[in-house]
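The values are calculated or read from the model by the stated rules, or taken from the named source; none is laboratory data. Because the structure is predicted, anything quoted here is derived from the model rather than measured. Neighbour counts are summed over all protein chains in view; Cβ atoms, including those assigned to glycine, are modelled from backbone coordinates with ideal geometry.
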Amino acid sequence: MAPELSDRLLRFTIDVILLLRKFPNAQEYKIIKYQLIKSSSSSGANYEEAQGGSSRADFRNKAFISLKEMRESNYWLKEVLDGVSNDVRIKEDNIRLINESGELKNILGSIVSKMK
């Protein structure tokens, strides 16, 4: 059985946090870490809010915000892919999360487009 979208979004956020714990503590990564945690957790939180939407329009709006936040997460993950570390495990985790964020973007984008 495939995991529910809510579960995938939550797992994505947890995996992002675990990945970021492996990042160097250099100053230039502080902003990236902050932004990536915000966007990844906001995507899941907004999707959860959408589930309790008061109307179809409210659901669509929250799902659209979730999509935007996932797009931002995907961006930050791609931005740091080559600059973070030579550690192969970190790069593999980062690539896996880029792929997952791409899939989540596609799923959320499909939901939003069907709500038009």
* Asked: Is it the case that the range 36-58 has a residue that's surrounded by 15 or more Cβ atoms within 10 Å (Cβ to Cβ), modelled with pLDDT under 90 and not aromatic (Phe, Trp, Tyr)?
  -> no
* To do: Would you mention how many residues in the range 67-88 are among the polar types (S, T, N, Q) and under 16 Å from Lys116 (Cα atoms)?
  => 0
* Scan the range 55-82 and report the pairs whose first residue is more than 11 Å from Ser39 (Cβ to Cβ) and whose second residue is crowded, with 19+ Cβ neighbours inside 10 Å and of a type in the set (Gly, Ala, Ser), with Cβ atoms within less than 6 Å and a gap of 6+ or a chain change. => Phe59/Ala50; Lys62/Ala50; Ala63/Ala50
* Name every residue in the range 62-78 that is modelled with pLDDT under 95 and either in contact with a strand residue (DSSP E or B) (Cβ under 6 Å, 6 or more places away or on another chain) or crowded, with 16+ Cβ neighbours inside 10 Å (or both), in order of residue number. => Trp76, Leu77
